[in-house]
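The values are calculated or read from the model by the stated rules, or taken from the named source; none is laboratory data. Predicted model only: the values in this text are computed from it and were never measured. Every residue, glycine as well, gets a Cβ built from its backbone with ideal geometry; the counts of neighbours run over all protein chains shown. Side chains are part of the model used for accessible areas, which takes the heavy atoms of the whole protein and leaves out ligands, DNA and RNA. Shrake-Rupley method; radii C 1.70, N 1.55, O 1.52, S 1.80 Å.
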Amino acid sequence: MIEVRNISRIYYDTSGLPTEALLAVSLAIRQGEFLSLIGPSGCGKTTLLRLIAGLDLPQSGELLIENRAIEKPSHERGYVFQQAALFPWKTVEENIAVGLKARHTYKEKKSLVPEYIRLVGLTGFAKSYPHELSGGMMQRVAIARALINEPKALLLDEPLGALDAFTRIELQNTIRRIWSETGTTIVLVTHDVDEAIYLSDRIAIMTARPGRISEIIDVEINSRRDRNHDDFINLRRRALEKLHLAGEVYANVRGAGEAI
Amino acid sequence: MNPKRSANKKYWKPKSKRWLAAAILSPAAAVAASALVPNVQAVNTLYYRTALVAFLAALLVLWTMRRFRNRLYHYSQFIAAAGLALTVLDLLTTKSNILKLPFFPGPTQIVEVLYTERAMLFVCTVYSLRLFFAGLACGVILGVATGVMTGWNRQWNYWLFPVLKIIGVIPPVAWIPLALVVFPTSFYAGIFLLALASWFSIAFMVAGGIASTPKAYFEVSRTLGASERFLLFHVAIPNAVPSIFTGIATSAGMCFMTLVITEMIGAKAGLGWYINWAKAWASYDKVYASILIMGAAFCIILGVINLFRNYFLRWQK
Ligand SMILES: Nc1ncnc2c1ncn2[C@@H]1O[C@H](COP(=O)(O)OP(=O)(O)OP(=O)(O)O)[C@@H](O)[C@H]1O
Ligand SMILES: [Mg+2]
């Protein structure tokens, strides 16, 4: 459904030195699948996700969604940042309704707001302001805000990275439930191997400098049911080995320590 | 941190019996001094003493109401000091003529004037407040409009920013001669000068608020299907609302100053005009009375601005 064909994105610093954030990356994301992007810090995961969102443009290569070129951001591709980036002057329900307001469909679709509040498990917090919410609750709002537009794909950039372990597991379950209830395609960037296995159909492992996709691992349904099951543990070992090959320093990276 | 100390951040010493006693005794002392010490100057002490007694009665009534009790404690140091100051002033003026008339009328005489001139003072206060809020409202509208244009649009920024910077440093009262000629009445001239006084600081703050909108807000909005128009009206401008209020708060003092000076120089009404008029008659008691009212009026102005601020910024911590 989303095709990334041979794209490169190079940043130049102030003295003109290039950083090859992505070099000749290709990836095909299937309709309705859950794909995780995992890799060492600075390998270009955010860059790739922003390109798919249309928030940035590649120097070369093609980006397609349903065979149309991706040129600019669109409500078809919802995006959730690591810091929820909620509008602090809007309540939970107003934040979630932004997509409807922006597209002038608020009048007809008002009734969706409470539905999505329920979907992300925030019933009773409709009138709260962001500063009254915990980090996990803010991410729930950010996810609902992206979902209310019924996007073809939901792009999540480490949405759980800043949360404590307990909240993270809770939200992983919520994301899994949302995925099965809405059937939308999800691309998740994460540092956490367990999270990737637990949630995804496929895991794309990236390498740094230049940023590339080195390997795609298929996750069978059985392996992802239970974190203590042998299949899960084997898959985790395999992924970690690949990651060690991908970047020698991965063991030091935030998130990996807890995953091992 | 000591939980007892952190428990009440809002009120200072909300349990101090000693200061409360002082707050009741010192106005009472002022009453006693006024009643018992014989007058040297020829004044009517009735109004002054009535005011003090009414004030004491109000304190006692507030004391019986639970929700005002903390506040009463909070202000008791002030009240005690004010009562003491009144007693001393009264003794130095009305009771001994050490500070001489007409330049230093005592509190007795000022209170008398506040009462006997109440109709005139009321009209002048209303006139000044009307001019103040009309001028500030124009300044806010202009300031927000130019601030938004400066912060949002490069082309506008190119022209407006230097203009704001140059005109902004000129004290608004410097325009008084021009304003009095150009505008048909001193009221419109006043509005112009007050708008000028608040325009620039509000415009600067708003431009800053617009320009400092986090990029993530714009990016998120774009992925939600927002148009440029939506980004301006639903993201950038709401993000600048706190700056609007900072601009208003910082320019309120300048506005008030401009108001009084404008009234003193060009107007036919208002507290500034009244001061000038009273001075011409050497009625310094009236001058001090209107200065007192100015202080109170500015407190009310700040209170009103704060009410608006709290309403519009209720989403902040
Ligand atoms: N705006 C930018 N300007 C210059 N260089 C950039 C910019 N954004 C990213 N880079 C560089 O591109 C590379 C990839 O960055 P990216 O943010 O995509 O990494 P990431 O995989 O998301 O890392 P992390 O896991 O730490 O979030 C990094 O080396 C980074 O320094
Ligand atoms: Mg990143």
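Note on the stretch A:46-63: among residues that are farther than 18 Å from residue A:159 by Cα and either open to solvent by 20 Å² or more (accessible area, probe 1.4 Å) or among the hydroxyl-bearing types (Ser, Thr, Tyr) (or both), the one that is nearest to ligand 2 (Cβ to nearest atom) is A:56.
When the residues of the stretch B:242-289 are narrowed to those that are under 14 Å from the mean Cα position of the chain (by Cα) and closer than 20 Å to residue B:114 by Cβ, which ends up least open to solvent (accessible area, probe 1.4 Å)?
First, the residues of the stretch B:242-289 that are under 14 Å from the mean Cα position of the chain (by Cα): B:248-260, B:271.
Imposing the further condition that a residue be closer than 20 Å to residue B:114 by Cβ reduces the set to B:260, B:271.
Values: B:260: 22, B:271: 5 Å².
The selected residue is B:271.
Per-residue answers, yes or no, for (1) in the same structural domain as residue B:288 (by TED's automatic domain parsing); (2) without any contact (Cβ under 8 Å) to a residue 12 or more places away in the chain; (3) among the small types (Gly, Ala, Ser); (4) under 15 Å from residue B:289 (Cβ atoms):
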site: B:67; (1), (2), (3), (4): no, yes, no, no
site: B:70; (1), (2), (3), (4): no, no, no, no
site: B:80; (1), (2), (3), (4): no, no, yes, no
site: B:84; (1), (2), (3), (4): no, no, no, no
site: B:89; (1), (2), (3), (4): no, no, no, yes
site: B:102; (1), (2), (3), (4): no, no, no, yes
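From the list A:57, A:122, exactly one residue is in a loop (DSSP other than H, G, I, E, B), away from chain B (no Cβ under 11 Å) and under 18 Å from residue A:144 (Cα atoms). Which is it?
Just one listed residue meets the conditions, A:122.
Scanning the stretch A:194-216 for residues that are open to solvent by less than 10 Å² (accessible area, probe 1.4 Å), out of contact with any Lys or Arg (no Cβ under 7 Å at 6 or more places or on another chain) and modelled with pLDDT of 90 or more returns A:195, A:196, A:200, A:203, A:204. Of the set (1) under 20 Å from residue A:243 (Cβ atoms); (2) more than 16 Å from ligand 2 (Cβ to nearest atom); (3) open to solvent by less than 10 Å² (accessible area, probe 1.4 Å), all apply to residue A:189 but (2). Inclusion of residue A:114 among residues that are away from ligand 2 (no atom under 16 Å from the Cβ), part of a loop (DSSP other than H, G, I, E, B) and either open to solvent by 30 Å² or more (accessible area, probe 1.4 Å) or on the phi < 0 side of the Ramachandran plot (or both) is not warranted. With respect to the conditions (1) within 27 Å of residue B:226 (Cβ to Cβ); (2) under 18 Å from the mean Cα position of the chain (by Cα), residue A:68 lacks only one, and its number is (2).
I'm checking my understanding of the structure. Among residues of the stretch A:26-45 that are closer than 17 Å to residue A:56 by Cβ and within 11 Å of ligand 1 (Cβ to nearest atom), which one is surrounded by the fewest Cβ atoms within 10 Å (Cβ to Cβ)? Explain how you work it out, then say what you get.
So the first thing to find is which residues in the stretch A:26-45 are closer than 17 Å to residue A:56 by Cβ, and the list is A:27, A:37, A:42-45.
Those left that are additionally within 11 Å of ligand 1 (Cβ to nearest atom): A:37, A:42-45.
On the way: A:37: 26, A:42: 15, A:43: 26, A:44: 27, A:45: 27.
Looking at the filtered set, the residue picked out is A:42.
Among the conditions (1) closer than 27 Å to residue B:287 by Cα; (2) hydrophobic (A, V, I, L, M, F, W, C); (3) open to solvent by less than 50 Å² (accessible area, probe 1.4 Å), residue B:89 misses just one, which is (3).
Evaluating residue A:83 against the criteria (1) more than 10 Å from chain B (Cβ to nearest Cβ); (2) within 14 Å of the chain's Cα centre (by Cα); (3) not hydroxyl-bearing (Ser, Thr, Tyr) leaves one unmet condition, (1).
Flag not set for residue B:211, criterion: within 14 Å of chain A (Cβ to nearest Cβ) and of a type in the set (Gly, Ala, Ser). Test residue B:209 against the stated conditions and say whether it is out of contact with any Leu (no Cβ under 8 Å at 6 or more places or on another chain), crowded, with 20+ Cβ neighbours inside 10 Å and more than 30 Å from residue A:71 (Cβ to Cβ). Spelling it out, residue B:209 is indeed out of contact with any Leu (no Cβ under 8 Å at 6 or more places or on another chain), crowded, with 20+ Cβ neighbours inside 10 Å and more than 30 Å from residue A:71 (Cβ to Cβ). Can you tell me how many residues in the stretch A:124-139 are among the polar types (S, T, N, Q) and in contact with a Pro (Cβ under 8 Å, 6 or more places away or on another chain)? Residues that pass the stated criteria total 1. What about residue A:227, is it part of a loop (DSSP other than H, G, I, E, B), surrounded by fewer than 16 Cβ atoms within 10 Å (Cβ to Cβ), away from chain B (no Cβ under 14 Å) and within 16 Å of ligand 2 (Cβ to nearest atom)? No: the conditions fail for residue A:227.
Looking only at the stretch A:151-198, count every residue that is of a type in the set (A, V, I, L, M), more than 16 Å from ligand 1 (Cβ to nearest atom) and in a helix (DSSP H, G or I) and tell me the total.
Of all residues in the stretch A:151-198, those of a type in the set (A, V, I, L, M) come to A:153-156, A:160, A:162-163, A:165, A:169, A:171, A:175, A:178, A:186-189, A:193, A:196-197.
Checking the rest, the ones that are also more than 16 Å from ligand 1 (Cβ to nearest atom) come to A:153-154, A:165, A:169, A:171, A:175, A:178, A:186, A:197.
Checking the rest, the ones that are also in a helix (DSSP H, G or I) come to A:165, A:169, A:171, A:175, A:178, A:197.
The total comes to 6.
Residue pairs whose Cβ atoms lie under 9 Å apart, separated by 6 or more positions or on different chains, with the first residue in the stretch B:225-253 and facing another protein chain (nearest Cβ under 9 Å) and the second of a type in the set (Asp, Glu), are B:225/A:76. Put simply, of B:36, B:56 the only residue that is open to solvent by 80 Å² or more (accessible area, probe 1.4 Å) and at pLDDT 90 or above is B:36. Only one of (1) more than 16 Å from ligand 1 (Cβ to nearest atom); (2) in a loop (DSSP other than H, G, I, E, B) is not met by residue A:99, so which one is it? Condition (2) is where residue A:99 drops out. Restricted to the stretch A:73-88, and to residues there that are in a loop (DSSP other than H, G, I, E, B) and among the aliphatic types (A, V, I, L, M), the residue that is farthest from ligand 2 (Cβ to nearest atom) is A:86. Annotation note: of A:146, A:142, the sole residue that is within 16 Å of ligand 2 (Cβ to nearest atom), in contact (Cβ under 8 Å) with a residue 12 or more places away in the chain, in a helix (DSSP H, G or I) and closer than 23 Å to residue B:230 by Cβ is A:142.
Kindly indicate whether residue A:16 is of a type outside the set (Asp, Glu), without any contact (Cβ under 8 Å) to a residue 40 or more places away in the chain and away from ligand 2 (no atom under 13 Å from the Cβ).
Details: of a type outside the set (Asp, Glu): yes; without any contact (Cβ under 8 Å) to a residue 40 or more places away in the chain: yes; away from ligand 2 (no atom under 13 Å from the Cβ): yes.
It is true that residue A:16 is of a type outside the set (Asp, Glu), without any contact (Cβ under 8 Å) to a residue 40 or more places away in the chain and away from ligand 2 (no atom under 13 Å from the Cβ).
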